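The values are calculated or read from the model by the stated rules, or taken from the named source; none is laboratory data. These figures come from a predicted structure and were not determined experimentally. Cβ coordinates were reconstructed from backbone atoms using ideal geometry, including for glycine residues, and neighbour counts include every protein chain displayed.
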Amino acid sequence: MAGFRIEGNTSGNVAEVDSANHVKVNLNTNELTAGFAAITSEVDAGTATGSRLVKSCEVTEDFRLRVGMDTLLFNDQFPGAAINTTIWSQQTTTMTITVAGGLLNLNAGNSIATTVNARVQSYQHFPTIGTFPLAVQMIAQFPFTPQANNVTEWGVGIATGTSAPTDGVFFRLNASGEFRGVINFNGTETQTATIDFNTYVGVNTARKFVIILHEEEAEFWIDDILIAELAAPVAQAALTSASNLPILLRTYNSAATASAQQLRVGQINVTVMDANASKDWKDQLAGMGRHASQGQTGQTLGQTVNYANSANPTAAVPTNTTAALGSGLGGQFWETDTLAVNTDGIICSYQNPAGTATAPGRNLYITRVYVASHVQTVLVGGPYVAQLALAYGHTAVSLATTDGAGTKAPRRIPIGLQAVTAAQAVNTLVGGPIDIDLAVPIVVYPGEFVQVIRKKIGTAPSSGVIAHIVAFGGYWE
């Protein structure tokens, strides 16, 4: 018989195997004589580094297993044909930056000239906080292999033009065509060994690049494989000099190149790991540039508020079917105050942009409504009381829109009253400001309208203008 028997010296019991030829083993249940099984987690199999990375789980003195709760700081993609200038700054010399096919493309024009560059950097900066790692993740691809004299960097950091970064942690294709990970402390760099670009990146293939910044080291991942680690030199006070860094995307030519290089970037995500900051979801979204006052990625960019620079609006008679006073999510609206009594008039109107493949729809959460009004041109006639309400959810601008198979009528919430006296004088306030905090937010879905509407009860003036200021608190999700 091949093999050998495992048999107890005194008991005569023989060890058995299962059908897969695995020895059957049962751990000793006697605490006095048992060993122990340790719980560990395999972080990486060592595919690139050659050594398996295993970390122990942590347990408190009160026997509680430590669990990390991440906090989202940033998330953006590049739909449509324009970069969101609310959250991204751009810098170019000769090179061009475009958005197409869901990708941000640096050096879209394939410049091979010397000392030219394209750089995109987030306005938002992201913190490194003690023992809580910062994870920076992005989808990126390259249409060409590394080119001599071209430098491409992506991660977090501070850099301008073709000058060396002054701080940060990032992947880099250097001017010699080498692919490396870099930590930069106030201009002093530590680099990984050369990484095999062809094996782990290649051309025309979207890869998930992740940089994890710990307090004393940085990890560089590609498609969930740990490619390299860098420890901060012992003489450095920290991994980077700046404790807050922006996202950095840059390509430049230090000299003329034989062929062009491009950096194409898709979704970008930044998270503080293991730190449950108890930060309100709306606060996290506001940090990403999603306050209601700003247009969103893929939509019409800039402010959503109807508020021209150094200019007053033109007064108009409101109607209940059109945005005669102008469109905007709040702002300045001047009302020629002659609309008949008992008739709803639209003062302020805004349509949440409908969602498309290139302009993703976002839900608009409204948490506050503020209205203040004054007499801009003396009123002839009156008096009356104005009833103000918030109308929302309708699929067409008209307040007469009805519920149907593909349509939706406005929902109305009364928000306050304004008392107007007969022949009220110019530059006088029309009642006190209306300021409503909504304990339960109103949600305006993509394609739907939200409006402030006003109706007179009493006697309508024959002439005169009332100027309204409308503000909404809220955020995009």
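Data overview
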quantity	calculated
Any hit, the range 390-397, residues being over 32 Å from the mean Cα position of the chain (by Cα) and modelled with pLDDT of 95 or more	no
Some residue of the range 439-450 being farther than 21 Å from residue 351 by Cβ and among the β-branched types (Val, Ile, Thr)	yes
Neighbours by Cβ (under 6 Å, 6+ apart or cross-chain): first from the range 428-444, surrounded by 12 or more Cβ atoms within 10 Å (Cβ to Cβ); second part of a strand (DSSP E or B) and small (Gly, Ala, Ser)	430/373; 431/419; 433/372; 434/416
Count of the range 29-40 residues which are surrounded by 10 or more Cβ atoms within 10 Å (Cβ to Cβ) and either within 30 Å of residue 199 (Cβ to Cβ) or at pLDDT 75 or above (or both)	1
Checklist (1) assigned to a strand (DSSP E or B); (2) exposed (fewer than 10 other Cβ atoms within 10 Å of the Cβ) applied to residue 43, failing item	(2)
Matching option when the condition is outside any strand (DSSP E or B), aromatic (Phe, Trp, Tyr), over 27 Å from residue 140 (Cα atoms) and not assigned by TED's automatic domain parsing to the domain that holds residue 362, among 78, 4	4
Options 136, 120, 99, 54: the member that is outside any loop (DSSP other than H, G, I, E, B) and not assigned by TED's automatic domain parsing to the domain that holds residue 226	54
Test: residue 210 is among the β-branched types (Val, Ile, Thr) and more than 24 Å from residue 126 (Cα to Cα)	no
Test: residue in the range 276-285 that is part of a strand (DSSP E or B), within 28 Å of residue 83 (Cα to Cα) and within 31 Å of the chain's Cα centre (by Cα)	no
Check on residue 300, of a type outside the set (A, V, I, L, M), surrounded by fewer than 16 Cβ atoms within 10 Å (Cβ to Cβ) and in a loop (DSSP other than H, G, I, E, B)	yes
Residue check for residue 63: in a loop (DSSP other than H, G, I, E, B) and either assigned by TED's automatic domain parsing to the domain that holds residue 260 or under 26 Å from residue 260 (Cβ atoms) (or both)	no
Residue within the range 202-216 that is buried (at least 21 other Cβ atoms within 10 Å of the Cβ), over 22 Å from the mean Cα position of the chain (by Cα) and at pLDDT 95 or above present	no
